[in-house]
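Notes follow the structure.
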Amino acid sequence: MQARVRIVAALAAGCAVAIAMMAHDRARDTAWAVTASQIADARAHGKPGVEIAPGRFVAEPLPSEGAALLPVKWGLIGAVVAGAVLVGTRRRA
């Protein structure tokens with residue numbers, strides 16, 4: 001297989017996996033420790049917000065501790081997949 005085709009295939013696979021991981025994390029609200037829907041549910045039950053500790057309530061969405069690292073995770077997973085495709089499509093002697 002030509003090098004140009006291998007590189008394009010590797011980049012396409014890496015981007016596809018990174019985008020799929022991003023969509024998966026966003027669908028599960030991984031970036032948020034407390035979501036707006038959780039706060040709305042708590043307010044519907046008469047509470048001022050979501051209780052995160054005894055006596056401590058959160059009234060606004062709260063990002064999770066690892067939210068800033070999610071783009072790094074997506075990029076690294078995409079790079080690993082791209083590398084695997086690049087190695088897997090090499091010409092064997």
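Numerical summary
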| read-out | value |
| --- | --- |
| Potential lengthening between residue 64 and residue 89 on full extension [0.36 nm per residue; Cα-Cα distance subtracted] | 5.1 nm |
| Dipole magnitude (debye, nearest 20) for the chain, charges at Cβ of Lys, Arg, Asp, Glu | 740 |
| Folded to 0 to 90 degrees: helix 3-27 orientation relative to the chain principal axis, Cα | 10 |
| Unit charges on C-beta of K, R, D, E only; dipole of the stretch 22-67, Debye | 100 |
| Sparse-neighbour loop sites [trypsin sites (Lys or Arg not before Pro); the stretch 49-93; at most 12 other C-beta within 10 Å; DSSP] | 90, 91, 92 |
| Overall dimensions of the chain as given by Cα atoms, namely Rg and Dmax in Å | 20.6, 70 |
| Selection from 22, 57, 38, by position along the positive dipole direction of the chain (Cβ) | 22 |
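Here, each number is a calculation from the coordinates, and none is a lab measurement. Computed from a prediction, not measured in an experiment: that's the story for all the values here. Don't worry about glycine lacking a Cβ; one is built from the backbone with ideal geometry, like all the others, and counts go over all protein chains shown.
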